[in-house]
1. Using DSSP to call loops (not H, G, I, E or B), can you name the trypsin sites (Lys or Arg not before Pro) in the range 284-393 whose Cβ has at most 15 other Cβ atoms within 10 angstrom?
2. Among all the lysines, which ones have a C-alpha under 24 Å from Lys220's C-alpha, if same-chain residues fewer than 8 places away are not counted?
3. Amide H neighbours of Ser37 under 5 Å, counting only residues 5+ apart in sequence or on other chains, H built in-plane at 1.01 Å?
4. Mind checking which aspartates and glutamates have their Cα closer than 20 Å to the Cα of Lys360? Skip sequence neighbours fewer than 8 apart in that chain.
5. Between Glu366 and Ala78, with labels modelled 7 Å along Cα→Cβ, what's the label distance in nm to one decimal, could you check?
6. Restricting the count to DSSP beta bridges whose residues both fall in the chain, what percent are antiparallel, rounded to a multiple of 5?
7. List the chymotrypsin sites (Phe, Trp or Tyr not before Pro) within the range 60-130 that DSSP assigns to loop and that have no more than 14 neighbouring Cβ atoms inside 10 Å.
8. By a straight-distance test (C-alpha under 14 Å), which aspartates and glutamates pair with Lys410 as possible cross-link partners, with residues fewer than eight away in the same chain excluded?
Amino acid sequence: MKKESIISQYEAAKERFAELGVDTDAAMDALDATEISMHCWQGDDVIGFEGSGQELSGGILTTGNYPGRARNAEELRADYEKAFSLIPGKKRANLHEFYLETGGKFVDRDEVEVKYFENWMQWAKEQGINLDFNTSMFSHPKADAGYTLASYDEDIRKFWVEHGIRCRDIAAEMGKRQGSPCVLNHWMVDGSKDAPVDRYDRRALFIKSLDEIRSKDISKDYVLDAIESKLFGIGLESFTVGSGELALGYAVSRDILLTCDLGHFHPTESVADKVSAVLQFLDKMLVHTSRPVRWDSDHVVLQNDETMALMQEIVRANALQRVYIALDFFDASINRIAAWVIGTRATQKALLSALLEPQKLLLDAERKGDTTFRLALVEEMKNMPVNAVWDYYCEKNGVPVGMDWFGEVKQYEKDVLLGRD
């Protein structure tokens with residue numbers, strides 16, 4: 001699309017939105033100020049760089065064998081950079097612990113140190129982005145029994161506690177160097193395939209272990225701990241230690257972030273509805289945009305009803321400064337960089353659409369009891385020219401407009417990805 005056409009369509013859209021009291025420039029400014037944390041595990045199928053050959057476990061399953069998977073950190077960073085170049089706005093890079101770089105030496109997860117992430121921190125500084133971090137308590141021989149922090153085996157439990165402690169130290173160094181808190185997400189595999197007799201003691205052990213991990217006093221200027229719940233996983237269908245209730249209780253009682261993933265609840269539950277409830281009790285929270293299909297299958301994020309509703313609720317609650325937004329999906333059946341671009345841009349477009357809502361008109365109608373007008377206006381907004389504003393936003397940010405990004409991905413695939421074994 002020609003630049004002149006993009007500008008003219010934007011000006012027309014700007015007038016349409018202004019008639020409803022919406023400032024499109026202010027909406028784009030708000031989008032510009034919102035960082036989206038892009039997850040590293042989309043680029044390599046959640047394999048990591050430990051070199052242990054351990055298969056995925058903990059309810060995680062990556063399907064497909066599309067060519068070009070990143071085989072090392074250098075390739076993953078190059079792929080990240082290509083994706084960054086096709087996505088407008090501010091980005092962060094979200095790392096799991098097992099994306100460490102050891103120079104070929106095997107380092108177990110209870111021995112990980114800051115030095116194994118020096119290259120990542122230097123790269124982030126060069127890119128002008130910030131890093132987030134995750135403990136990696138799955139896909140490991142000491143997680144094969146289904147329990148980590150809630151294990152009856154004290155050696156196994158202590159192993160994972162030490163892993164968590166070391167991850168907090170790494171996250172603290174990241175946050176300190178980048179001048180922005182590193183969001184450290186804690187998600188654990190713990191659970192069982194069949195219904196257990198003992199749920200209470202397992203959960204007591206789980207909480208004890210989390211408290212031990214967090215026993216060191218680290219400033220929130222450096223690390224923001226978050227706990228992520230899950231409904232169930234493959235092989236863990238009947239019992240999940242870190243359920244929604246446990247995670248919420250722990251987050252509120254310990255004053256840390258709660259992580260709500262779009263795929264980690266019953267299909268009839270609305271994560272969007274949880275935002276206004278959680279933020280009554282917590283100062284901040286973390287959300288993961290994903291796309292469950294029948295279960296937590298972590299499909300590539302789309303601008304679907306669930307993503308739209310989540311972003312609407314964040315904006316309607318005036319919570320953009322209180323909610324951290326990260327991506328969490330992995331698809332090895334399609335071009336992995338395209339998956340990043342599609343998912344991130346979909347999240348951003350959903351957020352822009354929410355920012356372009358005529359909130360004053362909607363709130364005035366609702367508070368007057370005029371639900372008929374409210375319903376009519378909400379429905380009318382679905383066909384407002386949001387895409388004209390999005391195209392202009394992309395043009396202003398110097399990234400491809402519309403589907404123009406796809407040609408660049410296919411060229412990169414031809415030049416780079418297809419050359420990988």
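1. Arg294, Lys368, Lys382
2. Straight-line reach from Lys220, under 24 Å: Lys90, Lys91, Lys115, Lys125, Lys176, Lys208, Lys274, Lys284.
3. Amide H neighbours of Ser37: Arg92, Ile325, Ala326, Leu327.
4. List returned: Glu15, Glu19, Asp23, Asp25, Asp29, Glu313, Asp370, Glu379, Glu380.
5. Going from the Glu366 label point to the Ala78 one covers 4.9 nm.
6. Numbers: 5 of 37 bridges.
DSSP beta bridges in the chain are roughly 15 percent antiparallel.
7. Phe106
8. Here the aspartates and glutamates satisfying the reach criterion relative to Lys410 are Asp79.
Readers should treat all values here as calculations from the given coordinates under stated rules, not as data from a laboratory. It should be emphasised that the depicted structure is a prediction, and the values quoted were computed from it without experimental measurement. Glycine also receives a Cβ, built like all others from the backbone with ideal geometry; neighbour counts cover every protein chain displayed.
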